[in-house]
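Shown next, in structure tokens, is the structure this report addresses.
The values are calculated or read from the model by the stated rules, or taken from the named source; none is laboratory data. Here the structure is a predicted model, which is why all the values come from computation and not from measurement. With ideal geometry, Cβ positions are generated from the backbone for all residues, glycine too; neighbour counts draw on all protein chains shown.
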Amino acid sequence: MFDYIVVGAGFAGSVLAERIASQTQRKVLVIEKRNHIGGNAFDSFDQKGILIHNYGPHIFHTKMEKVWDYLSKFTSWINYHHEVLGLIDGQKVPIPFNINSIHQVFPGTIAETLEKKLINTFGYNKKVPILKLKESDDEDLKFLAEYIYDKVFLGYTLKQWGITPEELDPSVTGRVPVYISKDNRYFQDPYQGMPKEGYTKIFENMLFNKNIKVMLNTDYKEVIKIDFDTGEIKLFNNIFKGKLIYTGALDYFLDYKYGKLPYRSLQFLFEQFDSDLIQEVGTINYPSDYNYTRVTEFKHLTRQVASSTTIVKEFSQDYVPGKNEPYYPIKNDSNQELYRKYKDEVRNMNNIILIGRLAEYQYYDMDMVIAKALKIFDEKILPEGKME
Ligand code: FAD
Ligand code: UDP
């Protein structure tokens, strides 16, 4: 009855289900273990009627026109450019740390010297990862790098990951480079914004299709059996001849046979206040103070007008399967090696497609997942042909 099974109704699974259903007319069964669609991008209205992101703040931003155009089929946009302030020695300064931040924390002449040296060394509008800035030969830039490292990166990274920036894959702290600019925005991508009616509405629009059936509250193992020796897949005890698109964690898929893939998890604490807005900007980062990493006030993001407001505090923690959620893959050589061992187990099974932040063990933003899903559809699924 079904041509494709998709496990997981996040962006990876929903984009593929939507493309298959609308472009090939084939039948798709989406199986989702949570009681809702949308994966970690799910949003909903809280008791006070405020639109919140249940799995932490999600801001859409991309350089890829194709991804923006695709998503724009399912939503219109609120023009929103995310801004973040970091609490440093009692002052709130722009993050990524930039020229405005320098002038806020250093006296005039020192700030001017640092600004000039940064521009002369790297150029205006350039982004420099903190670990690269730390390698500077110049004494002043070295001093600046140590300052930013200590005040912005060290405490935050220890809280978020339990390890220092040096112990992490450099691409992780490289996501928030020192920015030689006076642009206070968190992202400079040409396309950014928030979906006008929220993220969940996008998923509803994608999945509402006569060729798609969604099963919620179902772990795929309740209805699917896979024989990894023969490649045979059974759905409800019947042999399934189509393709399985899997967007969950790969260690779980293979029953943890080589051990658990490490992830970082989070605990979210939502708080409501009877006032219009309580923060200056969407997110405040707390590199050194408190035991949470950041606090986001949703109404800045969504521009919702209401007399109360809701914030979320993020507390990082170890991931324990069955107890909390695997939010962040921890990228390093040994974890990549373990992931590859799992991947090798399914490499020759051409009826299984792995995609998404969990199944690929990649620190993907939403746009990367959507781009990947569109590519897989164009290259692997569309050539198999449409229904006559
Ligand atoms: P997911 O959204 O995780 O979807 C996977 C789905 O599979 C889930 O619904 C899960 O329940 C389901 N599933 C798993 N196992 C099974 C199973 N055994 N049976 C059935 N179903 C299963 N990206 C941005 O671009 N901007 C941001 O601002 C941003 N902020 C973020 C903040 C946080 C705190 C986090 C954690 C992520 C953030 N992201 C952000 C990243 C974004 O969430 C991901 O890129 C995106 O959600 C990945 O989509 P996905 O479909 O790969 O995974
Ligand atoms: N980071 C930091 N201080 C900050 C912001 C970011 O140390 O004020 C580091 C930290 O290691 C974090 C990483 O940069 O995990 C990536 O930050 P980003 O805001 O991209 O994280 P995400 O939004 O994915 O949680």
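For first residues located in segment 267-287 and more than 19 Å from Gln304 (Cα to Cα) and in contact (Cβ under 8 Å) with a residue 60 or more places away in the chain, partners that are among the charged types (D, E, K, R) and within 13 Å of ligand 1 (Cβ to nearest atom) and lie 6+ apart or on another chain with Cβ distances below 6 Å form the pairs Asn285/Arg294. Among the residues of segment 32-54, is there at least one that is at pLDDT 95 or above, in a loop (DSSP other than H, G, I, E, B) and within 16 Å of ligand 2 (Cβ to nearest atom)? Yes, because at least one residue in segment 32-54 is at pLDDT 95 or above, in a loop (DSSP other than H, G, I, E, B) and within 16 Å of ligand 2 (Cβ to nearest atom). For segment 162-189, filtered to residues that are in contact with a Lys or Arg (Cβ under 6 Å, 6 or more places away or on another chain) and in a loop (DSSP other than H, G, I, E, B), the residue that is farthest from ligand 1 (Cβ to nearest atom) is Ile180. There is no residue in segment 286-293 that is over 19 Å from Tyr80 (Cα atoms), surrounded by 13 or more Cβ atoms within 10 Å (Cβ to Cβ) and acidic (Asp, Glu).
Only a single criterion out of (1) over 30 Å from Val346 (Cα atoms); (2) assigned to a loop (DSSP other than H, G, I, E, B); (3) in contact (Cβ under 8 Å) with a residue 24 or more places away in the chain; (4) out of contact with any strand residue (DSSP E or B) (no Cβ under 8 Å at 6 or more places or on another chain) is not satisfied by Asp137, namely (3). For segment 361-388, a residue qualifies if it is of a type outside the set (A, V, I, L, M, F, W, C) and within 16 Å of ligand 2 (Cβ to nearest atom), and the qualifying residues are Tyr361, Gln362, Tyr363, Tyr364, Asp365, Asp367.
The residues of segment 276-311 that are touching a helix residue (DSSP H, G or I) at 6+ places or on another chain (Cβ under 7 Å), under 20 Å from Val176 (Cα atoms) and among the hydroxyl-bearing types (Ser, Thr, Tyr), listed by number, are Ser288, Thr293. Of the residues in segment 162-181, none is crowded, with 17+ Cβ neighbours inside 10 Å, without any contact (Cβ under 8 Å) to a residue 40 or more places away in the chain and among the aliphatic types (A, V, I, L, M). Regarding segment 195-213, can at least one residue be identified that is modelled with pLDDT of 95 or more, acidic (Asp, Glu) and in a helix (DSSP H, G or I)? Yes, there is a match, as at least one residue in segment 195-213 is modelled with pLDDT of 95 or more, acidic (Asp, Glu) and in a helix (DSSP H, G or I). Within segment 214-249, being among the β-branched types (Val, Ile, Thr), crowded, with 16+ Cβ neighbours inside 10 Å and assigned to a strand (DSSP E or B) holds for Val214, Ile224, Ile226, Ile233, Ile245. The criterion of at least 1 residues that are in contact with an Asp or Glu (Cβ under 6 Å, 6 or more places away or on another chain), in the same structural domain as Leu207 (by TED's automatic domain parsing) and under 17 Å from Ile370 (Cβ atoms) is met by the following helices (runs of 4 or more DSSP H) wholly inside segment 57-127: 65-71. Evaluation of Pro326 against the conditions (1) more than 16 Å from ligand 2 (Cβ to nearest atom); (2) at negative phi shows that the sole unmet condition is (1). In segment 307-347, of all residues being closer than 30 Å to Leu374 by Cβ, among the polar types (S, T, N, Q) and in contact (Cβ under 8 Å) with a residue 60 or more places away in the chain, the one that is surrounded by the fewest Cβ atoms within 10 Å (Cβ to Cβ) corresponds to Asn332. Scanning segment 347-388 for residues that are more than 17 Å from Gly13 (Cβ to Cβ), within 13 Å of ligand 1 (Cβ to nearest atom) and assigned to a helix (DSSP H, G or I) yields a total of 0.
When Lys159, Lys142 are checked against the criterion of being within 16 Å of ligand 1 (Cβ to nearest atom), in contact with a Ser or Thr (Cβ under 7 Å, 6 or more places away or on another chain) and not hydroxyl-bearing (Ser, Thr, Tyr), Lys159 stands alone in meeting it. Of everything listed in (1) within 16 Å of ligand 1 (Cβ to nearest atom); (2) touching a His at 6+ places or on another chain (Cβ under 8 Å), the single unmet condition for Ala111 is (1). Take the conditions (1) within 16 Å of ligand 2 (Cβ to nearest atom); (2) surrounded by 18 or more Cβ atoms within 10 Å (Cβ to Cβ); (3) within 29 Å of Met64 (Cα to Cα); (4) not polar (S, T, N, Q); Gly193 misses just one of them, which is (1). The residues of segment 340-388 that are closer than 21 Å to Thr173 by Cβ and among the hydroxyl-bearing types (Ser, Thr, Tyr), listed by number, are Tyr361, Tyr363, Tyr364. Looking across Leu354, Leu277, one residue alone is assigned by TED's automatic domain parsing to the domain that holds Val369 and either within 15 Å of Thr157 (Cα to Cα) or away from ligand 2 (no atom under 14 Å from the Cβ) (or both). It is Leu354.
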